[in-house]
Amino acid sequence: VIRITNDDYSQITPQIIGFNIKNGAYDSNLGNQGYYEGNGSGIFIRGRISSIIKHCDINNNNSYSGGGIYIEGDHIWNDPLASQSIFEHLTVRNNYCSYNGGGIKISNYSSELKSFSTSDIKTKSIASLCVGVIFRIVSN
């Protein structure tokens with residue numbers, strides 16, 4: 001539903017605030033457009049991006065990995081500081097994926113979340129092989 005990519009060296013900070021993101025589904029044609037087909041059917045973010053996602057309801061999305069939200073950090077320069085997300089007051093529910101991260105998957109050189117507490121995310125999502133939320137957290 002929302003796809004943000006940045007393969008340039010510059011860093012961007014998009015804000016996704018106050019949306020109801022629902023009913024995203026796997027699209028095999030996305031592989032031809034530079035996306036990993038089937039990842040992040042609600043929100044897909046890849047590259048040097050420090051996103052701000054707050055006051056959103058992410059629900060009923062279906063994908064291969066990261067059903068609701070899929071964030072893949074700086075996969076070109078391998079800089080974990082170039083991809084730091086802020087999550088506040090999210091509801092992530094009823095998302096599904098066939099591999100891992102039913103609700104949220106954050107991986108590949110993504111650094112710690114700048115502002116995150118378990119009370120900020122309400123999740124009830126299903127992944128066939130792994131848990132609903134998967135984080136790769138790098139500590140200082």
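Please give the FRET efficiency for residue 81 paired with residue 17, using the beta carbon to beta carbon distance and R0 = 22 Å, rounded to the nearest 0.05.
Details: r = 23 Å, r/R0 = 1.06.
Rounded to the nearest 0.05, the efficiency is 0.40.
Would you tally the net charge around residue 10, using a Cβ to Cβ cut-off of less than 14 Å, leaving residue 10 out, and scoring K and R as +1, D and E as -1? Before the final figure, lay out each step's value.
Numbers: positive: 48; negative: 7, 8, 74, 79.
So the surrounding residues net to -3.
Where a number appears in this text, it was derived from the coordinates with a stated rule and is not lab data. Since the model is a prediction, treat every value here as computed from it, not as a measurement. When we count neighbours, we look across all protein chains shown, and the Cβ atoms used for this are built from the backbone with ideal geometry, even at glycine.
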